[in-house]
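For reference, the structure is listed below as structure tokens.
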């Protein structure tokens, strides 16, 4: 199988703090990972595409200085929400694509962020 | 650019009845189409995908979908609903390759009545 994990699964933080979310491909290498955000009772919206060893590509309207993405290895991408505010509270889901393929993405279980 | 429209944000079916979830897409290039299921507070599970092979695609848990290019549709069906089918369902499209970024529809929440 192709398993993607996320850590943490839940995080509660105070307004103004930064939060880091990890996305790992456990049994395959992933040159490309995607970060999605899902607000309550809404669909998933792509935030950015993360490519190993290069800068992430952000979707229109997503602040790259607020949502820092680092894809430092073939199995790990991190999303850091800087100076989080209550409006950043959401469900963040990552997905990973197996290296050197155009196979379907494999999704992680998601991270729920609550900013107080 | 591509987009997905799911008709009906909520669908209620009786256990044992047909489940039909509608999805229409638009894409400037041949699309790759997907149906995902999401249970509360969980990630997405792939039900099935269309990648330009057979137009009738069979997936897991008894679901299937038919790609109709003339109607730009990819509706999801299951002949007999089970209580465990209660969840949120998302249709998605990617352009150019199955592994490219996904554009999701708004989702359809399925309620199964005993």
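Values as computed for the structure displayed
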{"read-out": "Separation in nanometres of the label points that stand 7 Å from Cα toward Cβ, at residue A:45 and residue B:5", "value": "2.0 nm"}
{"read-out": "Normalised alpha carbon radius of gyration of the range B:6-99 [divisor 2.2 N^0.38 Å]", "value": "1.05"}
{"read-out": "Sequence of A:64, A:14, B:78 once ranked by neighbouring C-beta atoms within 10 Å, starting from the fewest", "value": "A:14, A:64, B:78"}
{"read-out": "With eigenvalues of the C-alpha gyration tensor scaled by 5 and rooted, chain A, Å", "value": "23, 14, 13"}
{"read-out": "Inter-label distance, nm, simple model (7 Å from Cα along the C-beta direction), residue A:10/residue A:82", "value": "2.9 nm"}
{"read-out": "Debye-sum result for the protein assembly as shown in log10 I(q)/I(0), which assumes one identical scatterer on each alpha carbon, at q = 0.08 Å⁻¹", "value": "-0.29"}
{"read-out": "Sorted by Cβ neighbour density within 10 Å, fewest at the top, the residues B:83, A:33, A:45", "value": "B:83, A:45, A:33"}
{"read-out": "Cβ neighbours within 10 Å from other chains - mean over B:93-106", "value": "5"}
{"read-out": "Rough spin-label spacing in nm, given labels placed 7 Å along Cα→Cβ, for residue A:54 and residue A:72", "value": "2.1 nm"}
{"read-out": "Mean separation of Cα contacts under 8 Å, 6 or more apart, over the residue count of chain A: relative contact order %", "value": "37 percent"}
{"read-out": "Order of B:13, B:57 - criterion: other Cβ atoms within 10 Å of each residue's Cβ, fewest first", "value": "B:13, B:57"}
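Read the figures in this text as sums done on the coordinates, not as results from a lab. Because the structure is a prediction, the values reported are computed rather than measured. Note: ideal-geometry Cβ built from the backbone for every residue, glycine included; neighbour counts use all protein chains shown.
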